[in-house]
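Working notes for the structure below.
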Amino acid sequence: MKVFKTNAGILVIFALLFGLNACKPKNVGSAVSGDAAAKSYVAPGKYDEYYNFVSGGFSGQMSVYGLPSGRLLRVVPIFSVNPENGYGYSEETKPMLNTSHGVIPWDDQHHLDLSQTDGSIDGRWIFANANNTPRVARVDLTTFHTAEIIELPNSAGNHSSPFITENTEYVIAGTRFSVPPDDKNGDVPINTYKENFKGTISFISVDKDNGNMDIAFQLQCPPVNFDLSHAGKGVSSGWFFFSCYNSEQANTLLEVNASKRDKDFIMAVIWKKAAELVKAGKGRKQSVKYASNRYDEKTHTATSTIRTEVTVMDAMDFPGLVYMIPCPKSPHGCDVSPTGEYIVGSGKLAALIPVFSFEKIQKAIEDKSFAGDYNGIPVINYEAALYGEVKKPGLGPLHTEFDDKGNAYTTMFVSSEVVKWNVKDLKVLDRAPTYYSPGHLMIPGGDTKKPTGKYLVAYNKITKDRFLPTGPELAQSAQLFDISGDKMQLILDYPTIGEPHYAQAVAASVIRDNSVKFFKIEENSNPYVSKGEGATKVVREGNKVHVYMTAIRSHLTPDNIEGIRVGDEVYFHVTNIEQDWDVPHGFAVKGAATAELLIMPGETATLKWVPDRVGMVPFYCTDFCSALHQEMSGYARVSPAGSNTPISFSTGTNLPKSDSIPSK
Ligand code: K7E
Ligand code: CUA
């Protein structure tokens, strides 16, 4: 209890953090007035102005909304299996979820970052992080498919991730939990944190043409918790900034022990220099184990490769590569202004928002204005790096985004509001209540060189009483504000999938016209494709039975299959031979211990079924594809193990009766 007594001040803040009702905004009504409805109204049949990509948190998925309507357009599975379309269940997509621990069907997805060219969103890809088993994914925005997932060695709790550099040269991922490196003995006492634990940052290169990700190198840093990060841009091009907490290096009761110091850090890394050093052969090869999973749109199949080596540089060995900037009270968000000059650290427990100046940081380094070092990394004097502080912004600042008029907007978790302030004079200009505790917020382009200034969305936690009750768990909410005027105006609430954290948005025109409508059947190079009904067949290979099947409105070929035995492994390779937009077919088999397939036109997908009993087993299309969709079905006859019923298959003809009656 001694610890608590010496931290009374902190406890007051904890009380605020968790005593949320005390900070419940007063006018809990609709708080919407005047022309709000018209501003978010998108008439039936009309398209939205923006795509809004929202992290799914513990759902492991990403949802795609239209703005300003708040209409849900799609849920894209990334780190979680999705029975709706067979992601992670089909034989082709299972390898996407492979890791060095084997296949993992779930993760916790917090941050999304759209790819950029010259600091502007280019609409090619969106990157996503997995916190629990550290991974970074790339979603292709022509197909809205998860195209790639790469696992990160030497990491645990991949939270400060995935944030990209101005030209998508690198996706950067900082570990939340410091841990002993993978090639060291991890079987050590937990209280040897200070000696044995390291904080690792991964630099993942992105191929300009095809987007393929590789771990270019890792930077080993002092043990802290990396929380968030953003790339420098414009004047701070080539730099990267990370918020760190637990500079106390505590290994237990972090809520108290990691909140002791008045200031933690923003860590600044000159990534351009690090990349050059690696190119010059610096760093050591470390033996590790991690999965690299890629999905090929030609074979419609993912491949998982286990890789065994990574290049690691120790930050302490390269003076002038990394600097620490003191930042008050357990900083969370770490956001860089559109020009790249201002770096905003949001201390969760701080009563102000510090804004650092890139120019002053350069001057401080030049003048060696250091306050000693932190585990060998120079610590720049706070005052020397500080541009100024936003005074009395509210309680519990978390995240900041920028508009096109020189303003910043910060979410206040504890005082439940979005606060608008001017980046130049640091004066608070406006505050708008949110319902109730906002985490991230998002302005389309709000973390790029070219932010917009029309909409802001706050993604709220603990959203009591905004929507009809649905048992003990309530939908969390996104709240859309019009920020085109001097005052923010709330215009819409919409519920979210899972728990929303960071989000991104971009003008619809950047993505819409590149959308793939269907896959060309002649380009399908899946080894089990059937390019027409004439190519369908059923082949037995030992106890494996491969069914090469096609789907087209409104039948499956073949639709009568005999000769399958109990205990066989049956693989239904279903090719959708439609060549038209929006005509998926589904496929499901009674008793199969897996989800359905949802097969896009021109695609092949495979469902595995191990029949466990003798009998007649129907299969059918699960997607209402035509007026005769209910007719789109078939039967598989299952004979006992060891039966000599030959393999036979047909569509539209009755199989000869006499041959197929069992002898007994
Ligand atoms: Cu603030 Cu995980 Cu980005 Cu959520 S984190 S709120
Ligand atoms: Cu195909 Cu229903």
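The values are calculated or read from the model by the stated rules, or taken from the named source; none is laboratory data. All of these numbers come straight from a predicted model, not from anything done at the bench. Cβ atoms come from the backbone with ideal geometry, glycine included; neighbour counts cover every protein chain shown. Only protein heavy atoms, including side chains, enter the accessible area calculation; ligands, DNA and RNA are left aside. Shrake-Rupley method; radii C 1.70, N 1.55, O 1.52, S 1.80 Å.
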**Item:** Single unsatisfied condition, GLU522 versus (1) closer than 30 Å to THR434 by Cβ; (2) modelled with pLDDT of 95 or more; (3) more than 16 Å from ligand 1 (Cβ to nearest atom); (4) not basic (Lys, Arg)
**Value:** (1)
**Message:** So, restricting to strands (runs of 3 or more DSSP E) that lie completely within segment 364-457, which ones have at least 3 residues that are within 16 Å of ligand 1 (Cβ to nearest atom), in contact (Cβ under 8 Å) with a residue 40 or more places away in the chain and surrounded by 19 or more Cβ atoms within 10 Å (Cβ to Cβ)?
**Reply:** 397-402, 407-412, 437-442
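Looking at segment 132-179, which of its residues are β-branched (Val, Ile, Thr), out of contact with any Ser or Thr (no Cβ under 7 Å at 6 or more places or on another chain) and within 20 Å of PRO223 (Cα to Cα)?
Our first condition is that a residue be β-branched (Val, Ile, Thr); within segment 132-179, this holds for 133, 136, 139, 142-143, 146, 149-150, 164-165, 168, 171-172, 175, 179.
Cutting the leftovers down to out of contact with any Ser or Thr (no Cβ under 7 Å at 6 or more places or on another chain) gives us 143, 146, 149, 165, 171, 179.
The answer is VAL179, and nothing else.
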**Asked** Restricting to segment 260-289, what's the tally of residues that are over 28 Å from the mean Cα position of the chain (by Cα), in contact (Cβ under 8 Å) with a residue 24 or more places away in the chain and closer than 16 Å to PRO328 by Cα?
**Response** 3
**Request:** Tell me which residues, restricted to segment 107-124, are part of a strand (DSSP E or B) and either surrounded by 23 or more Cβ atoms within 10 Å (Cβ to Cβ) or free of Cβ contacts under 8 Å to residues at least 24 places away in the same chain (or both).
**Result:** GLN109, LEU112, ASP113, LEU114, GLN116, ILE121
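For the condition farther than 20 Å from THR301 by Cβ and within 15 Å of ligand 2 (Cβ to nearest atom), what is the one hit in SER626, SER639? Spell out the reasoning first.
Values: SER639 fails: within 15 Å of ligand 2 (Cβ to nearest atom).
The unique qualifying residue is SER626.
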**Prompt:** So which of LEU480, LEU426, LEU474 ends up being at positive phi and aliphatic (A, V, I, L, M)?
**Reply:** LEU426
**Message:** If I filter segment 315-352 down to residues being aromatic (Phe, Trp, Tyr) and part of a strand (DSSP E or B), which single residue comes out as nearest to GLU248 (Cα to Cα)?
**Reply:** TYR323
**Search result, residues across segment 523-557 that are in contact with a Phe, Trp or Tyr (Cβ under 8 Å, 6 or more places away or on another chain) and either over 21 Å from GLU92 (Cβ atoms) or free of Cβ contacts under 8 Å to residues at least 40 places away in the same chain (or both)** = ALA535, LYS544, HIS546, TYR548, MET549
**Message:** Please list, ordered by residue number, the strands (runs of 3 or more DSSP E) wholly in segment 547-664 having 1 or more residues that are at positive phi and surrounded by fewer than 20 Cβ atoms within 10 Å (Cβ to Cβ).
**Reply:** 615-620
**Request:** Might you let me know whether segment 513-535 holds any residue that is within 15 Å of ligand 2 (Cβ to nearest atom), buried (at least 17 other Cβ atoms within 10 Å of the Cβ), aliphatic (A, V, I, L, M) and farther than 30 Å from TYR51 by Cβ?
**Result:** no
**Message:** With the structure loaded, tell me whether ALA458 is at pLDDT below 95, within 20 Å of the chain's Cα centre (by Cα) and among the small types (Gly, Ala, Ser) or whether it fails that test.
**Reply:** no
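Please enumerate the residues belonging to segment 323-363 that are more than 16 Å from ligand 1 (Cβ to nearest atom) and within 27 Å of the chain's Cα centre (by Cα). I'd like the intermediate steps shown before the answer.
Taking segment 323-363 as the starting set, the residues that turn out to be more than 16 Å from ligand 1 (Cβ to nearest atom) are 323-326, 328, 337-343, 351-352, 354-363.
If the condition is that a residue be more than 16 Å from ligand 1 (Cβ to nearest atom) and within 27 Å of the chain's Cα centre (by Cα), then SER337, PRO338, THR339, GLY340, TYR342, ILE343 are the ones that fit.
With respect to TYR47, determine if the residue is open to solvent by 10 Å² or more (accessible area, probe 1.4 Å), assigned to a strand (DSSP E or B) and either within 16 Å of ligand 2 (Cβ to nearest atom) or under 18 Å from LYS454 (Cβ atoms) (or both).
Working: open to solvent by 10 Å² or more (accessible area, probe 1.4 Å): yes; assigned to a strand (DSSP E or B): no; either within 16 Å of ligand 2 (Cβ to nearest atom) or under 18 Å from LYS454 (Cβ atoms) (or both): yes.
No: the conditions fail for TYR47.
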**Message:** Return the residues of segment 300-314 that are surrounded by fewer than 17 Cβ atoms within 10 Å (Cβ to Cβ) and either in a loop (DSSP other than H, G, I, E, B) or not hydroxyl-bearing (Ser, Thr, Tyr) (or both); say none if nothing qualifies.
**Reply:** ILE306, ARG307, GLU309, ASP314
**Subset of segment 480-519 (residues that are more than 16 Å from ligand 1 (Cβ to nearest atom), part of a loop (DSSP other than H, G, I, E, B) and over 18 Å from GLY453 (Cβ atoms))** = ASP513, ASN514, SER515, VAL516, LYS517, PHE518, PHE519
**Item:** Inter-residue pairs, beta-carbon under 7 Å, first farther than 21 Å from LEU112 by Cβ and in segment 506-521, second surrounded by fewer than 16 Cβ atoms within 10 Å (Cβ to Cβ) and among the hydrophobic types (A, V, I, L, M, F, W, C), 6+ apart
**Value:** LYS517/TRP581; PHE518/TRP581
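Which of the residues that make up segment 463-479 are aliphatic (A, V, I, L, M) and either under 20 Å from the mean Cα position of the chain (by Cα) or part of a helix (DSSP H, G or I) (or both)? Before you say what the answer is, go through the steps one by one.
Residues of segment 463-479 aliphatic (A, V, I, L, M): 468, 474-475, 478.
Residues satisfying the conditions are ALA475, ALA478.
Hand me the list of strands (runs of 3 or more DSSP E) wholly inside segment 183-242 holding 2 or more residues that are surrounded by fewer than 22 Cβ atoms within 10 Å (Cβ to Cβ).
Details: elements: 199-206, 213-221, 225-231.
So the answer is 213-221.
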**Item:** Residues that are open to solvent by 10 Å² or more (accessible area, probe 1.4 Å) and either more than 16 Å from PHE79 (Cβ to Cβ) or without any contact (Cβ under 8 Å) to a residue 60 or more places away in the chain (or both), drawn from segment 141-163
**Value:** THR142, THR143, SER155, ALA156
**Complete:** Inside segment 69-106, the number of residues satisfying the requirement of being closer than 19 Å to TYR571 by Cα and assigned to a strand (DSSP E or B) is 1
